[in-house]
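Coordinate-derived values only; no laboratory data. What you see is a predicted model, and the numbers here were worked out from it, not measured in a lab.
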Amino acid sequence: MTRDADFKRLVRARMAATGEQYAVARQALVDARPRPALSCSDDVVEAEDAARQVFAKTVRTFFDGVQLRAIPSRRRPRVAVLLHLLERFDAGRDYSEPEVNAILRTAHDDVASLRRELVDYRYLTRGDGRYRVADVDPVRDVNEAQEVPPFEAEVLAQLRARSRPRATPAG
């Protein structure tokens, strides 16, 4: 049932005038409504807003506070979880494997899978037994680009900016 009482009155009036069933009368009025023209940039903004809402819902679904309920098997939710976990790291700092494990263990016991996924998605780099938040955004092929949110670069930039040491005023 519609929540818009004025629209419901219009539907009932159309039903009385035409003899149509409620669903048919309602659909005819919906089809007749003028739609606002959207520019291409409006479509992009709407799509990104929708992606942000899905991202936030995914994080709420899979996290119980700081604890990860389960590692998602589907790739898009897994990327959302990984980006959320990445916020626990500081950019520009090297981590040993035990340090990475300790950070990830606060979220979930399967630290090896989480660590591997963070490296596979190129959010963390690994070399000589040290881990580091990637200094550059990962270059995504077409398949990977479908898995990551359109605002991935923004999330990574915010992480790097948050972790960047601030200059202290001289004095």
### Query
With all pairs of different alpha carbon atoms counted, what Kirkwood hydrodynamic radius in Å does the chain show?
19.8
### Message
Taking only complete DSSP H runs, can you tell me which helices of the chain stretch 24 Å or more along their own long axis by Cα positions and average at least -0.5 on the Kyte-Doolittle scale?
### Response
40-62
#### Entry: Shape box of region 83-171 [Cα atoms, principal axes, largest first, Å]
51, 31, 25
### Message
Report the gain in length on full extension from residue 29 to residue 47: 0.36 nm times residue separation, minus Cα-Cα distance, nm rounded to one decimal.
### Response
3.8 nm
### Task
Please tell me the relative contact order of region 51-167 in percent, rounded to the nearest whole number, where contacts are Cα pairs under 8 Å and at least six residues apart.
30
